[in-house]
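Just below is one structure, and these are the notes that go with it.
The values are calculated or read from the model by the stated rules, or taken from the named source; none is laboratory data. Worth saying up front: this structure is predicted, and the values here are computed from it rather than measured. Methodologically, a virtual Cβ is constructed for each residue, glycine included, from the backbone with ideal geometry; neighbour enumeration extends over all protein chains shown. What goes into the accessible areas is simple: the full protein's heavy atoms, side chains included, and nothing from ligands, DNA or RNA. Shrake-Rupley method; radii C 1.70, N 1.55, O 1.52, S 1.80 Å.
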Amino acid sequence: MAHSAHHPPVGFLGRYVFSTDHKVIAKQYLFTGIFMALVGGFLAYVIRMQLTFPGESIPGYGHVSFVHYNAVVTLHGTIMIFWVAMPVLLAALANFLIPLMIGAEDMAFPRLNMLSYWIFLLSTVVLLSSFFVPGGAAAGGWTSYPPLSGSAAFSGGQWGVSLWILAVALEFAAFLMGGINFITTAFNMRAPGMKLFDMPIMVWLQVVAAIVFMLSVGPLIAGAVMLLLDRLVGTGFFDPAAGGDPLLFQHLFWFFGHPEVYVVLLPGFGVIGEILPVFSRKPIFGYRMIIYATFVTGVMSFIVWAHHQFIAGIDPRLATPFSITTILISVPIAIMVFSYMATLWRGSIEFKTPMLFALGALAVFLLGGVTGIHNGTPAADIFLHDTYFVVAHFHYALIPPVFFAFFAAMYYWFPKMFGRMLNERLGVAHFVFTFFFMNLTFLPMFLLGFMGHQRRIADPRVFDTLRNAQVENLHWLATIGAIGLLLGQIPFLVNLVMSLIRGERAEANPWRANTLEWTVPSPPGHGNFERQPVVYRGPYEYSSPESSEDFLPQNAAP
Amino acid sequence: MSRKPESSEQASATAGAHAHPNYIAIWSILLFAMLVSVLLGELEIPGFTTTLIFTIAIVKAYLVAAHFMHIKSEPRFVVLILASAAACLYFLFIGLAPDTVFGPFVE
Amino acid sequence: MDDSTVAKLEGANLEDLGIPTGRLAMWWFLASEISIFGGLVCIFVLLRWRHPEWASEAVHTINAAGALNTVVLLTSSLSAVLAHQAAEDGRYRKAARLLGATFGGGVIFLCVKAYEYSHEIHAGFVPARSMFWSFYYLMTGLHALHVIGGMVAMFVIMLSVRKGLNPQRVEYVGIYWHFVDIVWIFLFPLLYLAS
């Protein structure tokens, strides 16, 4: 908390492990997130192999029983949302970028920040340990609906779900600490001259995401405690036999769960908003409009949740209002997407890897967003609910902000993080593989969904309607796509390791960008700024007539 | 790194000091209000009592928030933060009411 | 009070919004707390509305103990706010003593709560008995955990403010304590009085 008492840490432990430096904490989150992405990716491989070759032994994993399959699906979803999207997009990027972008020496509460990471790491260990307990990991779906999650009889052993709840609760605590840090830092630590509307879009969107997270997670924390008591103490909050209501948990879950979609979406959009102007050499289109649209999205994300429950037995009178709000929320998101597209208009576009991933994210997200309309319409959702159409929809909606935007951010900010450039050729290969195989994996799933293929079933052949060559072929395609998608990450990992060791040294501002993080050396030293920067203008003054160069840094004196 | 020395001087005039009301008086009112609500709870006049008890609770919460937590002298921004949390709960309440109070709708 | 004290109170950084960073963080923290307790209260109120028959269970809560605990918490809030005033005046030892009184209030509160729990459990009102008792233990238990958390923080701050270190934290922990008090102000009628 005391900013003045900041000395550069000494020793390996002080510098890299028990560090309060926001840049080190960001990297800790980053590498933990990448590790968990590999775990989640491996589980995706198991899911795809099981669906294509049901009952056969999977290379590298072994035979998958039906209960075990449920655990694999549950952990895949949980890990990808809570242990990849959240730490990488929110924690890693916000930690690294917010202080650098607003000209602060560190976060407002560096020690709280460190605590946040260590609690997160503990939650990771708890979650991974649940694979090895008697009865296996949680198998109630990433949503953990009771009664599936309410008693050991329905979802594997007694330990799995309880550990799952504990891990998620620890993770929420970590991100609440992180969120408070992000918000107070952005509000109170800005460099002199930087008004709220001089903050880069990335900072704005991270702050809104943190606020949405903080305000939506409370009821689910209460719900998680109730679920845990149901399991451990024998209360009946969600048990109909004891007068409880399982539907209540669904409400509590999605009251958080849907805002959560925007919590991971907004930082991803922030990344795109930073990259497009730099590689179009143009000011971003509609800076304020994008931020206002973010506010509207944040508020509206609280009133759409029941569209996840149209066929769960909710009051039918709820369906229409929630359907209307669901379709309305696409308006502010569309404003953001169109503003981004308009940024490209007549720009001098450079197709560097970060730009490729940013554009790829927009293109793929469009399909995810549009299919949301189908799911948000009760009449269509009655058929599509819990089919592979939904699976395809949310992968199309979340892979762009989580993975594409994350890759874009890595290629863009890697030089600032580690002081070396990533290899451009490997980067382009990575993009081509990722883009192609991502579509190959998930496009067939839309068709599977239309054919009535349910999600979360371990063996489609059990059902007469799914026992045909068409379903098999589509599963084949999706599996080839998934394996390709996973193998397509090898260039990225190779690039990461190779560039860390002997990549080209990065200068302070390799992309000729305006924001404050590019005014310090790559990587920045402890305390970030040698002299307090003073800000004179907004972050997107590209091709300004005031400057002889085509960019005008925020801190360049007029 | 010490920054913005001019603003911390300003702050010493404004942000630091709270006006301190008579805390003992407010505490006495709070205790009295509690006594009234306990007595009302014993009386059990249907309908009326519950409304009154919760009105008293809201008044008590207001007194603590306004005077002990000094929300009255905080910038309006603080009220906005807390009100936004309450507003989200309002959405939750409205969305939950049909199912929890009148549901579940099973055919 | 003199300027040097205030500068000490406010810490190093001041900002655009006119709130010291620590206090701003506390308000955001309380916003997230509001959504936890508020969410629970929403659920409880709705279910209680649906099930008027819970009243027959609710009469078994011990009103006198709840009322006593309300007095204890209100009084400990008073000493917390007086500690804040003393810290602003630069009277750190007095502030520490008053925080100690608040801490003592927390101890009394927990003792009364423990008496209630043991009494109720002996009488057969265990958490799994009915939905009302499940909610009773959930809400008061979560509240008691917050009391304990506040007491831990208060103890640490009491030790440091005695030496004049970080006196602004007296106010922050006070704000948190008042919030815990407000939660109780609502739990008391919800769980004890309304029947």
Within the stretch C:169-188, tally of residues that are more than 16 Å from C:PHE103 (Cα to Cα), more than 7 Å from chain B (Cβ to nearest Cβ) and open to solvent by 10 Å² or more (accessible area, probe 1.4 Å):
1
Of all residues making up the stretch B:56-107, the number that are assigned by TED's automatic domain parsing to the domain that holds B:LEU39, in contact with a His (Cβ under 9 Å, 6 or more places away or on another chain) and closer than 22 Å to C:VAL41 by Cα
3
So, A:THR465, is that one of a type in the set (S, T, N, Q), assigned to a helix (DSSP H, G or I) and surrounded by fewer than 16 Cβ atoms within 10 Å (Cβ to Cβ) or not?
yes
Only one of (1) under 21 Å from A:PHE172 (Cβ atoms); (2) in contact with a helix residue (DSSP H, G or I) (Cβ under 6 Å, 6 or more places away or on another chain) fails for A:LEU248. Which number is that?
(2)
Taking A:GLY234 and the conditions (1) open to solvent by 10 Å² or more (accessible area, probe 1.4 Å); (2) small (Gly, Ala, Ser); (3) in a helix (DSSP H, G or I), which numbered condition does it fall short on, given that it satisfies the others?
(3)
All helices (runs of 4 or more DSSP H) inside the stretch C:63-166 with 1 or more residues being within 14 Å of chain A (Cβ to nearest Cβ) and among the hydrophobic types (A, V, I, L, M, F, W, C)
C:92-122, C:131-162
Where the second residue is open to solvent by 90 Å² or more (accessible area, probe 1.4 Å) and the first is farther than 15 Å from C:SER77 by Cα and lies in the stretch B:21-44, which pairs have Cβ atoms under 9 Å and are six or more apart or on separate chains?
B:LEU40/B:PHE48
Only residues in the stretch A:112-130 that are more than 18 Å from A:GLY77 (Cα to Cα) count as the first member; pair them with residues that are open to solvent by 20 Å² or more (accessible area, probe 1.4 Å) and in a helix (DSSP H, G or I), Cβ under 6 angstrom, at least 6 apart or cross-chain, and list the lot.
A:LEU112/A:MET177; A:SER116/A:MET177; A:TYR117/A:GLN28; A:ILE119/A:LEU170; A:ILE119/A:ALA173; A:LEU122/A:LEU170
Considering only the stretch A:1-114, give the helices (runs of 4 or more DSSP H) lying wholly within it that have at least 3 residues that are open to solvent by 40 Å² or more (accessible area, probe 1.4 Å).
A:22-52, A:66-78
For the stretch C:115-127, which residues satisfy the criterion of being surrounded by fewer than 16 Cβ atoms within 10 Å (Cβ to Cβ) and in contact with a helix residue (DSSP H, G or I) (Cβ under 9 Å, 6 or more places away or on another chain)?
C:TYR115, C:HIS119
Quick one: which residue in C:GLU53, C:GLU57 is assigned to a helix (DSSP H, G or I), among the acidic types (Asp, Glu) and open to solvent by 40 Å² or more (accessible area, probe 1.4 Å)?
C:GLU53
Restrict the check to the stretch B:57-70 and report whether at least one residue is assigned to a loop (DSSP other than H, G, I, E, B) and facing chain C (nearest Cβ under 7 Å).
yes
Can you tell me how many residues within the stretch A:417-456 are assigned to a loop (DSSP other than H, G, I, E, B) and either buried (at least 20 other Cβ atoms within 10 Å of the Cβ) or touching a strand residue (DSSP E or B) at 6+ places or on another chain (Cβ under 8 Å) (or both)?
7
Can you tell me which condition A:THR52 does not meet? The list is (1) hydroxyl-bearing (Ser, Thr, Tyr); (2) closer than 23 Å to A:ALA37 by Cα; (3) out of contact with any Asp or Glu (no Cβ under 9 Å at 6 or more places or on another chain), and all the others hold.
(3)
Apart from one, (1) at the interface with chain A (Cβ under 8 Å from one of its Cβ atoms); (2) farther than 30 Å from C:ALA80 by Cα all hold for B:ALA85; the odd one out is (2)
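Residues checked against (1) surrounded by fewer than 18 Cβ atoms within 10 Å (Cβ to Cβ); (2) within 22 Å of A:PHE407 (Cα to Cα); (3) not β-branched (Val, Ile, Thr):
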site: A:ASN473; (1), (2), (3): yes, no, yes
site: A:GLN489; (1), (2), (3): no, yes, yes
site: A:ASN509; (1), (2), (3): no, yes, yes
site: A:VAL535; (1), (2), (3): no, no, no
site: A:ALA556; (1), (2), (3): yes, no, yes
Positions within the stretch A:147-179 being open to solvent by less than 10 Å² (accessible area, probe 1.4 Å) and either modelled with pLDDT under 90 or over 15 Å from A:PHE82 (Cα atoms) (or both), in sequence order
A:SER149, A:SER155, A:GLY160, A:VAL161
On the given criteria, is B:ILE29 open to solvent by 60 Å² or more (accessible area, probe 1.4 Å) and either at pLDDT 90 or above or under 30 Å from C:VAL45 (Cα atoms) (or both)?
yes
Given the condition within 21 Å of A:ILE284 (Cβ to Cβ), more than 14 Å from chain B (Cβ to nearest Cβ) and among the small types (Gly, Ala, Ser), answer yes or no: does some residue in the stretch A:526-541 qualify?
yes
